[in-house]
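Each remark here refers to the structure printed beneath this line.
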Amino acid sequence: MKRKVLVLEDEQSIRSFVVINLKRAGYEVVEAGSGEEALEKYNTNDDISVAVLDVMLPGIDGYEVCRTLRAHGYTGGVIMLTARVQEADKVTGLMTGADDYVTKPFSVVELTARVDALYRRVSGSPFADGDTITTGPFKLNLRARELLKNGARVELTQIEYGILKAFLKNIGKAMAREELLEKVWGHHYVGELKIVDVNIRRLRIKIEDDPANPQYIKTVRGFGYLWEG
Ligand code: CA
């Protein structure tokens with residue numbers, strides 16, 4: 001995937017600052033000052049790997065842009081720039097297909113770090129080592145980002161894949177929820193450890209024989225989880 005980022009922000013001064021910093025970090029940047037312009041630019045730049053979308057815009061808002069990009073088959077990363085911190089808005093963003101949030105006012109260093117983390121995740125570059133991890137009935141192909149259980153493919157989201165990879169590279173090691181958040185989401189999200197639990201619950205349903213009595217992903221009470229090898 002190309003190191004190409006779409007930056008949608010109607011405030012010229014903020015946009016320029018973000019663009020300069022992303023270019024300095026080595027990204028090719030496509031800029032847009034409105035949601036309509038962002039969608040128009042996407043038509044000729046469908047190779048972007050991360051989209052940074054401001055929510056509050058004069059025309060169609062950032063959520064609508066996100067929804068439209070996903071509807072057009074965009075599979076790259078999406079970071080919403082939101083001035084609002086309410087949980088309801090985060091849920092709205094998740095429903096439209098966003099991957100991450102940065103709340104305004106933000107530090108451009110933090111935003112660049114988030115773009116880097118998401119870019120690594122969507123481009124799969126750290127996983128392009130062709131390795132396969134085999135344990136019990138599972139076979140994880142790190143190049144294809146594919147999991148087989150007894151030879152049958154298990155459909156995983158990128159996040160679920162990330163969690164599984166973290167476990168299989170640390171078989172038998174108790175992993176703190178904070179550590180999983182850091183490894184999988186790429187940063188520490190204070191107060192959002194629950195997203196780890198929610199994803200683990202979903203992962204157990206997909207891979208455990210009996211999700212209510214997990215045999216592979218064990219809970220380490222008051223700490224986190226452990227893959228029992
Ligand atoms: Ca705005």
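Which Cα, out of Ile79, Val198, Gly97, lies furthest along the positive dipole direction of the chain (beta carbon charges, K/R +1, D/E -1)?
So the residue we want is Val198.
Please list, ordered by chain and number, the residues whose modelled amide H lies under 5 Å from the amide H of Met56; skip anything fewer than 5 residues away on the same chain.
Gly62, Ala83
What are the lysines whose alpha-carbon lies under 17 Å from the alpha-carbon of Lys104, with same-chain residues fewer than 8 places away excluded?
Leaving aside lysines fewer than 8 places away in the same chain, those within reach of Lys104 are Lys90.
Name the aspartates and glutamates eligible as straight-distance cross-link partners of Lys173: C-alpha to C-alpha under 15 Å, and not fewer than 8 places from it in the same chain.
Glu228
What ranking of Leu181, Leu57 emerges when the number of other C-beta atoms within 10 Å of each C-beta is taken as an exposure proxy, fewest first? Write out the running numbers ahead of the final one.
Numbers: Leu181 20, Leu57 23.
Result, fewest neighbours first: Leu181, Leu57.
Just need the relative contact order of the chain here, percent rounded to a whole number, with Cα pairs under 8 Å and 6+ apart.
On the way: 353 pairs, mean separation 28.5, N = 229.
That works out to 12 percent.
Quick one: divide the alpha-carbon radius of gyration of segment 134-229 by 2.2 N^0.38 Å and tell me what you get.
On the way: Rg = 12.5 Å, N = 96, 2.2 N^0.38 = 12.5 Å.
In units of the 2.2 N^0.38 Å rule of thumb, it is 1.00.
Sketch the reach of a paramagnetic label on Asn141 as a point 7 Å from Cα along Cα-to-Cβ, and name the residues of segment 148-164 whose backbone nitrogen lies under 18 Å away.
Residues 148-158, 161-162, 164 fall inside that zone.
What does the net charge come to around Ile14 if you take all other residues with beta carbon closer than 12 Å to its beta carbon, with K and R at +1 and D and E at -1?
On the way: positive: Arg15, Lys104; negative: Glu9, Asp10, Glu11, Glu31, Asp54.
Charge balance near Ile14 sits at -3.
Which log10 I(q)/I(0) values, to two decimals, does the chain give at q = 0.08, 0.15, 0.18 Å⁻¹ under the Debye formula with one point per Cα?
-0.32, -1.02, -1.30
Extension gain Lys2-Ala176, at 0.36 nm per residue separation less the Cα-Cα distance, in nm? It would help to have the intermediate numbers written out before the result.
On the way: separation 174, 0.36 × 174 = 62.64 nm, distance 3.30 nm.
Once the chain is fully extended between Lys2 and Ala176, it gains 59.3 nm.
Taking Lys139 as the anchor, which lysines have their alpha carbon closer than 16 Å to its alpha carbon, excluding any fewer than eight residues away along the same chain?
Candidates past the 8-residue exclusion: Lys149, Lys165, Lys169, Lys206.
Readers should treat all values here as calculations from the given coordinates under stated rules, not as data from a laboratory. Only a predicted model underlies this, so the values are computations on that prediction, with no experimental measurement involved. A quick note on method: Cβ atoms are made from the backbone with ideal geometry, for glycine too, and the neighbour counts reach across all protein chains shown.
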